[in-house]
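Novice: To start, I am sharing the structure in question, which I have written as structure tokens.
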Amino acid sequence: MNARKADVIIVGGGIMGAATAFFLRKRGMSVILLERGLIGQQASGVNFGNVRRMGRPIEQLPLANRSRETWLKFKELFGDDVELLLNGHLRVGFTPAHEERMAKYAQDAKDFGLDMQMMGAKALRERFPYLGPEITAGCYAPHDGHANPRLAAPIIGRAAVREGAQVFENTEIVSVEKDGEDFRMTAADDRTFRAPVALITAGAWGDRISAKFGEPVPMIAKGPQMCVTEPVPYAIGPTIGAIADVFEQVVFFRQVARGNIVIGGGGHEPVDLENRRAYVNPHRTLYKLKNAPRVVPAFNHLNIIRVWSGIEGYMEDSSPAMGPSARVPGLYYAFGFSGEGFQLGPGVGDVMAELIHTGATTTPIEQYHIGRFAKQAMQAA
Amino acid sequence: MGQCRVIIVGAGPAGVRCAEVLVAAGIRPILVDEGRRDGGQIYRRQPEGFNRSYPTLYGTEAERARSLHQTFESLRGSIDYRPETLAWNIFDRQLYTVSARVSKALPFDALVVCSGATDRLMPVKGWHRAGTYSLGAAQIALKSQACAIGRRVVFAGTGPLLYLVAAQYVKAGAHVEAILDTSSLWKRVRALPKLAARPRVLVNGLSLMRTLRGAGVRIVTGIEPVEIHGSPEDGVSGITYRGRDGSTHQLACDAVALGYHVRPETQLADLARCEFRFDAETRQWLPAVDQDGRSTVPGVYLAGDGARVLGADGAEIAGKLAAWALLQDLGRPVPEAERDALRRERGVMDRFRQGLVEAFPWPAEQAARLPDEAIVCRCEAITAGELRRVVNQMGACEANRAKAFSRVGMGRCQGRYCGHAGAEVIAHAAGVPVEQVGRLRGQAPVKPLSIAVREEVE
Ligand SMILES: Cc1cc2nc3c(=O)[nH]c(=O)nc-3n(C[C@H](O)[C@H](O)[C@H](O)COP(=O)(O)OP(=O)(O)OC[C@H]3O[C@@H](n4cnc5c(N)ncnc54)[C@H](O)[C@@H]3O)c2cc1C
Ligand SMILES: Cc1cc2nc3c(=O)[nH]c(=O)nc-3n(C[C@H](O)[C@H](O)[C@H](O)COP(=O)(O)OP(=O)(O)OC[C@H]3O[C@@H](n4cnc5c(N)ncnc54)[C@H](O)[C@@H]3O)c2cc1C
């Protein structure tokens, strides 16, 4: 069988792969995008949907801001509505230490356009009267928001196809080799694909491919736990995240346009990478349901109708592997977004296309270079 | 071996007979049921304080009902019965139950799911109007509360329940405007050899028809429902259907009972991670079971209508067979001759079941003709047109994908009532066999769970 050829092959059709394919086409490069299942079926399609900048590491804010530009033009660029609601992001805390943490972040991030406002208990309750009595402080970022993850990556994928990208779904890549000048990818059914440039956006499975090129990364796959209520009249406004001293006690929620409230939190659960299944542990669900009414007591009057989880790759240092390979010319990575890649997706696509096309980026991403892990390993040895 | 922890979900015919066999073998099972009383669907008991007689409530099945209720009473001291308790999840070999907002995790060595069946529904334009009920709901209103769903009721759909519930309404003195059956008489005649496998049931069925005709109930077969009319304020006011010859007719009524036979309640099997197989005869995905009810997950058994719709007598047999399978897997003796006899009887019932499937087929082709403006998913108010749009324009040819894009199946019922019809709409729009559309993945909770729930350790 003849191999299909393009300037760039992308392995993994989540939001990262789909967005990069789109922006590469915009730059006139030919692209093949290979996805084992359907576009956006894994983490990108089942995540919480937070399009939030607040709380991200300061050094990530330029990238998050670049992504935000794309989110704001989503429909214009990709041709369909993604239910983006820019109702702001509110972080709330229960103790003076939480308040201090929020205030420090607001100070550190003040030059990045988030326009964060600290709010005391009284101001909070005036503006968000449904908040519980235990909450003592909050920080509000008015420009953040949320969107529908079930739609986002598939919309971008379809836009990439319209722009001329060749997208192959149900195509599992089982071997990736550098064969002379070209990378050769072979699918489970023996089809082959060739290109001088390869980008690995395989999400929680990305480390398997990087390891084959001699670049293992310290990443583990885990499943954040989600649930959703029946639809209720629109009342919440911003996405709200509650700080907690114990990770399992963290809860965050957003109300979608239809009225349902999506509630995340309760910790992470192991996942089945082989069978691509992420499970919800009922203890975590119940623990979350116990904690959520501390933030909004009226939640006690609602029912949840479904739980779910998804498979996400978490790096040891909570930062992705993003940029060129340290070992193989023409090879690039963008995976391991550690629970925060949905907001970044469109921006990562834009930046990776820029990097592949021009050899450099106008947004700093050096801190995500995969070579950092080898250096750490050397230092440790 | 007395230590073996066995849980049965469902106190209907299957669950009660299963408990009976286990108790006789010295096991004390936990029996959970979300209902207030035992009996399950068909032998549903009336609330305390109501005093209709067995013949009034259960007709020809009065003796079987009495027998099942008596067996249950005799078991009360030997089982751990938990009424008004919903099994909402299964994880890590624990059954999660909730009752009065307290959730408990019950570890089990063996689990027998006897969750029964509920109505299988095909949408019709206007079926979201107040006054449209499923056949099951119409029957429950009568059996439990002694209420009719309207003053002039049209029964539409197909299946034995269509006639049974209509006849029960007639007997209770309600006015049945008409029975509109999508299947044809001819199909029933052709299925007679298989239906003759259970002469008693067949005779009961024929006598039902006589009752209905005697009462002057209009019965029209080979029809296709076109629209249920009405308004948001006043609910249902009538129904239009197309006759066999293609002509359209309209009937005035204030309620419609709708149903196309029943479908197993399989969420618990799904949560237990049982494998499902496509059943081509009935065009649906069902959990795989062996002849005695073993699922593909060791220690998880499925019995009664929750596994295969064999009716109440078949459920009693299936409950016993599952109990024996469980005992056998524990290395305990089972009465082989009795078991083999019941297996044979079950085989006869399965032949009858096939007869019913052929006599009252699921009208898959209606999904193709459903107008774009008809609502498919009532929880989320999603139309057939919207579902077709995500297939045609967004390439969603698989059930979960179409759900992700359109919200069909994303509401309170989680696709239990719209899933089958939705799959047919997708299959037709995509031009693929319905099998290829797959099935909606089940997730907890089995039914909506209050956020006020608290976890308790036993
Ligand atoms: C439950 C949950 C909640 C989250 N909440 C948020 C949030 O609120 N905000 C936020 O910003 N982020 C959130 N995240 C994180 C975010 O979803 C991810 O960081 C982001 O979607 C990662 O995108 P991706 O394209 O790298 O990965 P994925 O979407 O997982 O895509 C990778 C793709 O690669 C494919 N693939 C893998 N191996 C192969 C192979 N060998 N051949 C072919 N294809 C292959 C996979 O099938 C998959 O489709 C959440 C994640 C989860 C799971
Ligand atoms: C609407 C309707 C009407 C019917 N009418 C007749 C009839 O008149 N004649 C006839 O021969 N057959 C009838 N059938 C079929 C008959 O009901 C069944 O064949 C028979 O009841 C099956 O017995 P079962 O034990 O399998 O299930 P069921 O009798 O349905 O019992 C299942 C039990 O499980 C419980 N349950 C289910 N899920 C859970 C859960 N997650 N947690 C806790 N409890 C749970 C339910 O509350 C119920 O009590 C009817 C079926 C339906 C759906």
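None of the figures in this text is laboratory data; all of them are computed from the coordinates on show. Everything numeric in this text was worked out from a predicted model, so none of it was measured. Positions of Cβ are backbone-derived with ideal geometry, glycine not excepted, and every protein chain shown enters the neighbour counts.
Novice: May I ask for the net charge around A:Ala21, where only other residues with Cβ less than 13 Å from the Cβ of A:Ala21 are counted and Lys, Arg are +1 while Asp, Glu are -1?
Specialist: Once all neighbours under 13 Å are counted, the net charge is 0.
Novice: So if I take the centroid of the Cα atoms in segment B:393-458 and the same for segment B:272-288, what is the distance between those two points in Å?
Specialist: So the two Cα centres are separated by 15 Å.
Novice: Collect residues whose amide H, placed 1.01 Å from N in the peptide plane, falls under 5 Å from the amide H of B:Val226; neighbours closer than 5 in sequence don't count.
Specialist: Sorted by chain and number, the residues that satisfy this are B:Thr240, B:Tyr241, B:Arg242.
Novice: Between B:Asp350 and A:Arg191, what is the label-to-label distance in nm when each label sits 7 Å out along the Cα-to-Cβ direction?
Specialist: Modelled inter-label distance: 4.0 nm.
Novice: Is the shape of segment A:119-182 best called rounded, prolate or oblate, per the rule: a/c under 1.5 gives rounded, else a/b larger than b/c gives prolate, else oblate, with a ≥ b ≥ c the square roots of the Cα gyration tensor eigenvalues?
Specialist: Prolate shape, in that a/c is at least 1.5 and a/b is the bigger ratio.
Novice: Let me know the mean shielding of A:298-306 by other chains, meaning the per-residue number of their Cβ atoms within 10 Å of its Cβ.
Specialist: Shielding by partners across A:298-306 averages 6.
Novice: Tell me the relative contact order for segment A:1-103 as a rounded percent, counting alpha carbon contacts under 8 Å between residues six or more apart.
Specialist: 19 percent
Novice: Below 8 Å between Cα atoms, with a sequence gap of 6+, how large is the relative contact order for segment B:259-372 in percent?
Specialist: That works out to 23 percent.
Novice: Please list the radius of gyration and Dmax for segment A:140-211, considering alpha-carbon atoms only, with Å as the unit.
Specialist: 16.3, 53
Novice: Go through segment B:378-391 residue by residue and turn each phi into a ³J(HN,Hα) via Karplus (6.51, -1.76, 1.60, θ = phi - 60°); whole Hz please, and just put x for glycine and proline.
Specialist: 6, 4, 9, 6, 9, 8, 4, x, 5, 5, 5, 4, 5, 6
Novice: Over segment B:5-95, how many percent of alpha carbon pairs lie in each 10 Å bin up to the one with the longest distance?
Specialist: It works out to 16, 47, 28, 7, 1, in whole percents.
Novice: Moving on to the next point. If you average the C-alpha positions of segment B:49-103 and of segment A:203-268 separately, how far apart do those two centres end up, in angstrom?
Specialist: 39 Å
Novice: Right, next: Normalise the Debye intensity by I(0) for segment A:23-115, one equal point scatterer per Cα, no solvent, then take log10 at q = 0.19 Å⁻¹ and round to two decimals.
Specialist: Computed log10 I(q)/I(0) values: -1.13.
Novice: Suppose R0 equals 22 Å. What FRET efficiency, 1/(1 + (r/R0)^6) with r the Cβ-Cβ distance, do B:Ala100 and B:Gln3 give to the nearest 0.05?
Specialist: 0.20
Novice: If I fit a long axis through the Cα atoms of helix B:185-195 and take the longest principal axis of the Cα atoms of chain B, what angle between them do I get, 0 to 90°, rounded to 10?
Specialist: The angle comes out near 20 degrees.
Novice: Given the Cα-Cα distance of B:Ser78 and B:Asp109 and 0.36 nm per residue of separation, how much length would full extension add, in nm?
Specialist: Once the chain is fully extended between B:Ser78 and B:Asp109, it gains 9.3 nm.
Novice: Right, something else. Taking only DSSP H segments of four or more residues, each worth -39500 (n - 2.57), what value at 222 nm results for chain B once the sum is divided by all its residues, to the nearest 500 deg cm²/dmol?
Specialist: That calculation yields -11000 deg cm²/dmol at 222 nm.
Novice: Too long at a 29 Å Cα-Cα cut-off: which of B:Lys143/B:Lys320; A:Lys26/A:Lys178; A:Lys290/B:Lys320; A:Lys288/B:Lys403; B:Lys104/B:Lys320?
Specialist: Among B:Lys143/B:Lys320; A:Lys26/A:Lys178; A:Lys290/B:Lys320; A:Lys288/B:Lys403; B:Lys104/B:Lys320, the Cα-Cα distance tops 29 Å for A:Lys290/B:Lys320.
Novice: In degrees, nearest 10, range 0 to 90: what is the angle between the Cα axis of helix A:61-72 and the longest Cα principal axis of chain A?
Specialist: Approximately 90 degrees, to the nearest ten.
Novice: Another question, if that's okay. Students often check this: by mean Cβ neighbours within 10 Å, which of B:214-221, B:300-307, A:20-27 ranks highest, and how do the rest follow?
Specialist: Put in order of decreasing packing, that is B:300-307, A:20-27, B:214-221.
Novice: Once label points are set 7 Å from the Cα along Cα→Cβ at both A:Arg276 and B:Ser207, what is their separation, rounded to one decimal in nm?
Specialist: If labels sit at A:Arg276 and B:Ser207, their model points lie 5.6 nm apart.
Novice: Provide, in order from the shortest bin, the percent of all Cα-Cα pairs of the protein assembly as shown in each 20 Å bin, continuing until the bin that contains the maximum pair distance.
Specialist: 14, 42, 33, 11, 0
Novice: Tilt of helix B:135-145 relative to the longest C-alpha principal axis of chain B, in degrees (0 to 90, nearest 10)?
Specialist: Compared with the principal axis, the helix lies near 60 degrees.
Novice: Peptide B:410-417: average number of partner chain Cβ atoms within 10 Å per residue?
Specialist: 3
Novice: Separate question: To check my understanding: the extent here is largest minus smallest coordinate of the Cα atoms along each principal axis. What are those three numbers for segment B:121-260, in Å, largest first?
Specialist: 48, 38, 26
Novice: Here is a follow-up. Fully extended, how many nm does the chain gain between B:Ala364 and B:Arg200 (0.36 nm per residue separation, minus their Cα-Cα distance)?
Specialist: Answer, rounded to one decimal: 56.0 nm.
Novice: If you don't mind, there's one more thing I want to ask. If each residue of separation counts as 0.36 nm, what is the full-extension length gain between A:Ser30 and A:Leu72 once their alpha-carbon separation is subtracted?
Specialist: Here the segment from A:Ser30 to A:Leu72 would lengthen by 12.5 nm.
Novice: In square nanometres, what is one fourth of the surface area of the convex hull spanned by the alpha carbons of segment B:365-437?
Specialist: Dividing the Cα hull surface by four gives the mean projection, 3.9 nm².
Novice: Further question on the same structure: How would you rank B:344-355, A:141-152, A:41-52, A:235-246, highest first, on the average number of other Cβ atoms within 10 Å across their residues?
Specialist: For the peptides B:344-355, A:141-152, A:41-52, A:235-246, the packing ranking is A:41-52, A:141-152, A:235-246, B:344-355.
Novice: Also: Eigenvalues of the Cα gyration tensor times 5, then square-rooted: what semi-axes does that give for chain A, in whole angstrom, largest first?
Specialist: That gives 37, 21, 20 Å for the three semi-axes.
Novice: Please compute, for peptide B:445-457, the average count of beta-carbon atoms on other protein chains lying within 10 Å of each residue's beta-carbon.
Specialist: For this peptide, the per-residue mean of nearby foreign Cβ atoms is 6.
Novice: If Rh is defined by the Kirkwood formula over all Cα pairs and Rg also comes from Cα, what ratio Rg/Rh do you get for chain B?
Specialist: 0.96
Novice: While we're looking at this one, here's another question. Could you check the simple spin-label distance between A:Ala377 and B:Gln328, using points 7 Å along Cα→Cβ, in nm with one decimal?
Specialist: It is 5.4 nm.
Novice: Output ³J(HN,Hα) for segment B:54-67: one whole-Hz value per residue in order, computed from phi by the Karplus curve 6.51 cos²θ - 1.76 cosθ + 1.60 with θ = phi - 60°, and x for Gly and Pro.
Specialist: 4, x, 4, 6, 10, x, 5, 9, 4, 5, 5, 5, 4, 4
Novice: If you find the alpha carbon centre of segment B:12-33 and of segment B:201-240, how far apart are they in angstrom?
Specialist: Between the Cα centres of segment B:12-33 and segment B:201-240 lies a distance of 38 Å.
Novice: What relative contact order, as a whole-number percentage, does chain B give when Cα pairs under 8 Å and 6 or more residues apart are counted?
Specialist: Computed value for chain B: 19 percent relative contact order.
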